[in-house]
Structure formats: C-alpha cells, structure tokens
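Have a look at the structure below, then the notes.
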Amino acid sequence: MDSRKYILEAIAKNQPTPTPLPDISAIAVVNYDVVDKFKTILEGIGGQVIEIKDSEDVIAYVKANFSEGQRVISTVSELTSVAETDWQTQDPHTLENVELNILEAKMGVAENAALWLTEPQLGQRVAPFITQNLAVILDKNNLVATMHHAYERIADAEYGFGLFLAGPSKTADIEQSLVLGAHGSRSMTVFLRST
Amino acid sequence: MNHAELAENFIKDGERTTWHDETLWFVRKKRDLAAFQIPEWEALREAASQIKHNGLSHMHEYLIAFEEKATANGIKVHWAMDALEHNQIVHRILKENSIAEIIKSKSMLTEECHLNEYLIENGVDVVDTDLGERIVQLREEKPSHIVLPAIHLKKEDVGETFHQHLGTEKGNKDPQYLTEAARQHLREKFVSRKAALTGVNFAVAETGEFVVCTNEGNADMGAHLADVHIACMGFEKIIPERKHLGVFLRLLARSATGQPITTYSSHFKKPRPGQQMHIVIVDNGRSQQLGREDFRNSLKCIRCGACMNTCPVYRRSGGHSYHSAVAGPIGSILAPNLDMRKNADLPFASTLCGSCSNVCPVKIDIHDQLYKWRQVLVKEGHVPFGKKVAMRAMTFTLSHPGVFKTAGKMGRKMMGLAPFTVSNGLNPWYKQREMPAPPKESFREWFSKNRNGQ
Ligand code: SF4
C-alpha cells in the first residue's frame, strides 16, 4: 500500500469544511520603547547588554576578558585583530574548542530579545551553539517591536537555515532549578551599537 | 493498571506529591505573568486557533504544498501510516548510511511510536540529548511531562542516577554540577555521532521549512554536526504561512514556561552542503481523529504543556499515571483515539473544571472533549460497570432537579451519621483523603432560606 496516497486520501475525506485565515496584520500592541524593552528582557533571560559606539569597543572587550590562548572566532571582518575570521569552510567539528564567537545580527526583537541570524551572519550553522560564549553585535535601529514585525521584515527571504536566538542556552530539568549553559553557549552578550 | 491505580502509587509519597503539585502550579503562575504582559494575548490565542483550524480544513493541499517545497529545497520527504512504518523508515535511512548510533532531541512523536525500543531491538544505539530525557532514559523510565520530562524526579534521584551512569560524586545533587556533567557527557556524543533525529514544532506549507524550538540547544548541536538529519512530525504540525510563526512563537514558550520565547527557534529549510535531511510525516491515527468532529480540535495542540501544569488531577497524580506518551488533559483526548479500550480510563481522570481550556494557547475545548469522550466510551461499552452506574445516576440526577435536592440532603446526612458508608472501597475519592466535613446546609437550602427571609 502506498502510504502517501492512503494518508492524503484519508485526510481529504475527513478534513472539515474550509475556514478562512484570520487577519493578523494589526494584532500587535506596542506600548513600550524597543531599546528599553530589549535590554530588560535580555537581562531577564540571562543575557547581558553592552552599549558600544563601534567595533573598537568590541576589540577592547575581548582583550579585557579573554586571554591569548583562548580561541575567538567571528564573522565580522573588523575584528581580525582579536578573532579568526576564516573558519567558515572548516569541518564544523573543529569548532569544538571555540571559547568566544562574535557575530553580527541584522535584526533583533524587543519583546523577547531574540536575534535573527541566517547563514551569512552565522558563518556555520553550529557556530552559535558549539561556542562556550557567544556575543552578537546589533545596531539599535535594527530593533523591531514584536515577532510579527520581524516576520514582516523577513517576508519571503531565501535562506537554508535561519535562527531566532534569545539569551544563553539553559535548562531547568533538574527540579526546576535554572542552570545556564546546557548544551549551547554558557553566556550571551549583545553589543548594542548606536548609529 | 489504570489511571486511578497508578495515581495511587504516585501519591503514596505525600511530600513528593505536594512538591510536584506546587512546582507545576508555580510554572502555571509563570505562564500567567508572561501572558498578562501581552495586552493582545486573547487576540493571539484566537488567531492561533483560527490559523490551526484553517490548517486542518486545508490539510490535504497544505501537505502537498509542503512536500513540494521541501523536496525542491533538497529535503527528502517520507510518509508513514503508523508507528511501525515510521520506525522502519528511520531504521532504513540509518541502514542505508551504515549508521548504528544516533542522537535524538525531544520528540513526543517518537515516544508515541516507541522508536527507541524499536531501534535498540535492531541494534541501534540511541542517546536522548535533552537533559530531562537523558535522565529518564538512563533510569529506563518514560518522560512524565511533554515539556518537563523529569518533573517527577527530585535532585537526589538525578544525583544517584548520574553517579551510577556518568560517574559523578556520590551524594552530589547540585543541579549546576549535574547539568555540567551531562553537558560534558553529551558533547562527546554530539561531536562523534553521524545521525541526529529531531522533532518538529511547526512545518510551513508555504516555504517547506520546519521550525524546532529548544532551550538547551541540543537539537541544533546534533543536527548541525551530523551527516544525516531526520526530522519526524505528525502531519498536524503544518501551518499555512511563514508569517504565522510569529503568532505561534509568541504563544508557545509563554504558555509552556513563562519565557518570552525559547532560547533557540531554528528554521531548517535546506540541508547544509553535503548533508542529508529527511522529514518523516506520520499519520498514526491522526487522519481518523481529523474525521471525528467532536475531537478534531485536539489536533491543534502545539504541545506547550500548559494544560498539564494547571490540571489539579495531573499535578497530584503525576504524568506516569496516564500510561500514554502524552499525559494530562490533552493526552487523555488523544489516547482513546488510538486505543479506546486501553485508554478508556483517561477521559475520567479529570474534574472537568475547565482550567485546561482556559490556558490552552490554541483554544482547544479540552474539558468539553473529555466529557464527550466519556459519553462515547460508555456507549461503546468500554467503561467499567461501577462508573457507568455512577454516570447514569449523575445524568439522571442532574436532569431531575427534585432528585438532585433529595440526593444532596441524603448525602449530607449520611456523612454526618455514618461517614464510613461514604469512605468505603466503592468510593475511590476517599482513598488517601479525609472527607471534608459536610456543610450543614447546601447552597440551595441556604439560598431559599435567605431569599424567603428577604
Ligand atoms: S492542549 Fe493546549 S494547553 Fe495542552 S499542550 Fe496542547 S496546546 Fe498546550
């Protein structure tokens, strides 16, 4: 028996009479300042926000917080003095020893502090997960209020893999005690850039 | 064993039952806090429900569109009529790639299909990577909650399990320490395994992409390192358009744990170069449920777990008492569809208080469906005699106000004069409970007295 045919036939026979889609274009209620909201939410979910002027501030941060021997990677070309920027075509397994990964997002969402990242910004799909610590640069004027606004911007963009990422990896599977750093990055910093 | 017997076992440890009850209620309160911050919450729930209904009513065309897009994107689509076929497809893909070890992230569908057992019997080593699932897997147990798989355990239990299996210090029960041990143990699996299996939260008909939500990052660690990624989904995961993800991602985590969104919401659209990506679309009774007018709304479920966290019966009987992959109120609607006889007890494991329907982000009429299942099950002869008599008596009493009045009076008298007649073996509610003192007068008596007095 051809299962595909069988399933589709059963569904065609059993599905209810068609109902329309709701209009969701005006559903969002935005009664907050997007920058304030983003900061509060990110801190609430275990991330940190650092306001910066340009990539020099990021370089200074890396120098102050990470030592020579620690592997730092980035997709941001201005950071070559503190990070490898030519790792995108390596076997993803070789990223296992990355201590800090610095990416740049083109969009952030205020209501939940999620950052939208696709392959050009990720470098490799596994990169934001396998690193011990993650930092993402975001321009303040790339903040949108809600997920509806975010998908409006994404629209029908083409990508192989896209990711909303909000805060560090976490779990509460042991007695509901929150622990940061389950399998993905242990920390998550957003460098919020004024433009 | 049925729900009542299994629950009896669970509540033997009174302290633990109370902890379980309070912890889940705490999660429910976090959900409330998150929901109250969104002025448009009710509009969102309504939109989600309508989008899902549109999805159900166009399922045939959406599935075909999804398959076409996904195939064009380089994903291989498979169809499985039932659990066995699903398991066979997964096993065949592994065999074709000569892979005998896989890692898995959370998928309630694979629990429903008993995939782990099937693969292990066929010589495949399976490691669950969600922390809660790994804990129960090491203990050879099943998840007791769809979002919080190990919520029935205390940290002492986890400490002991990890001491035995992962070599952590004996007696160390610090969640931070134990989570770190699991992180190290599973990292080794992530970097060495060639195949990763994930679930699917949403599959978009318009684009052929699918979205997987986790907090831990385990689905991504597996999928992006493996040569072969297999994603398994019940067909009801289909949503019409990409922009609808906005509605569901706003509701899912807030309803589940009170978070504004899960840490990771990963949109898989194409395999990475050199990687194989498979999707297995499973029916396993769903098309039948789609045809049951009274119960088809259960297919809207986005598996947030809110109905469990709020359910007074679930909280005090534990997930395992439901003897079904999905526990709680929604599980009790889904399970009888698969096997009425075996799961006839589940729709009765509810007080019909309606709290589940109130929190459900896709507005499933959960408690109404539970009530309807009871009627179907009685009619089909799947309900034990005692319960049937009680149900008939209830229907009779409720539809005859005179009898209701007398019955209430009798009940209050009986409890005052001879409480043992209420607290005997025929009354299962009395087990592990003290019957409350009966009120001297019923609301009805009180009302008529006070009204007359005016
Ligand atoms: S039935 Fe509703 S509340 Fe329960 S798990 Fe499904 S979506 Fe959540």
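Assessment of the range B:17-28 against the conditions (without any contact (Cβ under 8 Å) to a residue 12 or more places away in the chain, more than 10 Å from chain A (Cβ to nearest Cβ) and either closer than 30 Å to residue B:272 by Cα or part of a helix (DSSP H, G or I) (or both)) yields at least one matching residue. For the range B:253-261, the count of residues that are crowded, with 24+ Cβ neighbours inside 10 Å, hydrophobic (A, V, I, L, M, F, W, C) and more than 14 Å from the ligand (Cβ to nearest atom) is at least one. Within the range B:299-317, being buried (at least 24 other Cβ atoms within 10 Å of the Cβ) and closer than 15 Å to residue B:346 by Cα holds for B:307, B:308, B:311, B:314, B:317.
Do we find that residue B:316 is charged (D, E, K, R) and farther than 26 Å from residue B:17 by Cβ in this structure? Lay out the reasoning, then the answer.
Numbers: charged (D, E, K, R): yes; farther than 26 Å from residue B:17 by Cβ: no.
No; evaluated as a whole, the condition is false for this residue.
Per the listing B:56, B:84, B:33, the residue uniquely over 19 Å from residue B:193 (Cα atoms) and in contact with a Leu (Cβ under 8 Å, 6 or more places away or on another chain) is B:56. Of the residues that make up the range B:279-291, is at least one surrounded by fewer than 21 Cβ atoms within 10 Å (Cβ to Cβ) and either more than 14 Å from every other protein chain (Cβ to nearest Cβ) or basic (Lys, Arg) (or both)? Looking through the range B:279-291, none of the residues is surrounded by fewer than 21 Cβ atoms within 10 Å (Cβ to Cβ) and either more than 14 Å from every other protein chain (Cβ to nearest Cβ) or basic (Lys, Arg) (or both). For the range B:318-330, filtering for residues that are buried (at least 20 other Cβ atoms within 10 Å of the Cβ) and either within 19 Å of residue B:377 (Cβ to Cβ) or at pLDDT 95 or above (or both) leaves 8. Apart from one condition, residue A:136 fits all of (1) facing another protein chain (nearest Cβ under 7 Å); (2) in contact with an Asp or Glu (Cβ under 9 Å, 6 or more places away or on another chain); the exception is (1).
Results for (1) touching a helix residue (DSSP H, G or I) at 6+ places or on another chain (Cβ under 9 Å); (2) polar (S, T, N, Q), shown as yes or no for each residue.
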site	(1), (2)
A:69	no, no
A:72	yes, no
A:94	no, yes
A:101	yes, yes
A:109	yes, no
A:129	yes, no
A:139	no, no
A:150	yes, no
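Of all the criteria given as (1) charged (D, E, K, R); (2) more than 15 Å from the ligand (Cβ to nearest atom); (3) buried (at least 24 other Cβ atoms within 10 Å of the Cβ); (4) within 21 Å of residue A:162 (Cα to Cα), the one not satisfied by residue B:272 is (3).
Note on the range B:207-304: enclosed helices (runs of 4 or more DSSP H) holding 2 or more residues that are in contact (Cβ under 8 Å) with a residue 12 or more places away in the chain and polar (S, T, N, Q) are B:286-291. Against the test of being more than 9 Å from chain A (Cβ to nearest Cβ) and touching a Ser or Thr at 6+ places or on another chain (Cβ under 7 Å), the options B:203, B:223, B:231 yield a single qualifying residue, B:231. Residues of the range B:187-206 that are farther than 15 Å from residue A:131 by Cα and in a helix (DSSP H, G or I): B:189, B:192.
I'm checking my understanding of the structure. Among residues of the range A:133-171 that are hydrophobic (A, V, I, L, M, F, W, C) and in a helix (DSSP H, G or I), which one is farthest from residue B:153 (Cα to Cα)? The extreme case among them is A:154. Of the helices (runs of 4 or more DSSP H) that lie entirely inside the range B:306-363, those containing 3 or more residues that are within 15 Å of the ligand (Cβ to nearest atom), of a type outside the set (A, V, I, L, M) and away from chain A (no Cβ under 14 Å) span B:328-338, B:355-359. The set of residues from the range B:67-85 being within 19 Å of residue B:273 (Cα to Cα), of a type in the set (A, V, I, L, M, F, W, C) and assigned to a strand (DSSP E or B) comprises just one member, B:77. Just one of the numbered conditions (1) more than 8 Å from chain B (Cβ to nearest Cβ); (2) part of a loop (DSSP other than H, G, I, E, B); (3) in contact with a helix residue (DSSP H, G or I) (Cβ under 7 Å, 6 or more places away or on another chain) is not true of residue A:174: (1). Just a yes or no: is a residue in the range B:35-42 more than 13 Å from chain A (Cβ to nearest Cβ) and farther than 30 Å from residue B:295 by Cα? No, the range B:35-42 contains no residue that is more than 13 Å from chain A (Cβ to nearest Cβ) and farther than 30 Å from residue B:295 by Cα. For the range A:11-55, residues that are in contact (Cβ under 8 Å) with a residue 40 or more places away in the chain, more than 19 Å from residue A:135 (Cα to Cα) and facing chain B (nearest Cβ under 7 Å) total 3. Of all the residues in the range A:121-152, those that are crowded, with 23+ Cβ neighbours inside 10 Å and of a type in the set (Val, Ile, Thr) number 4.
The values are calculated or read from the model by the stated rules, or taken from the named source; none is laboratory data. These numbers were taken from a predicted model, which means no experiment stands behind them. Neighbour counts run over all protein chains shown; Cβ positions are idealised from the backbone, glycine included.
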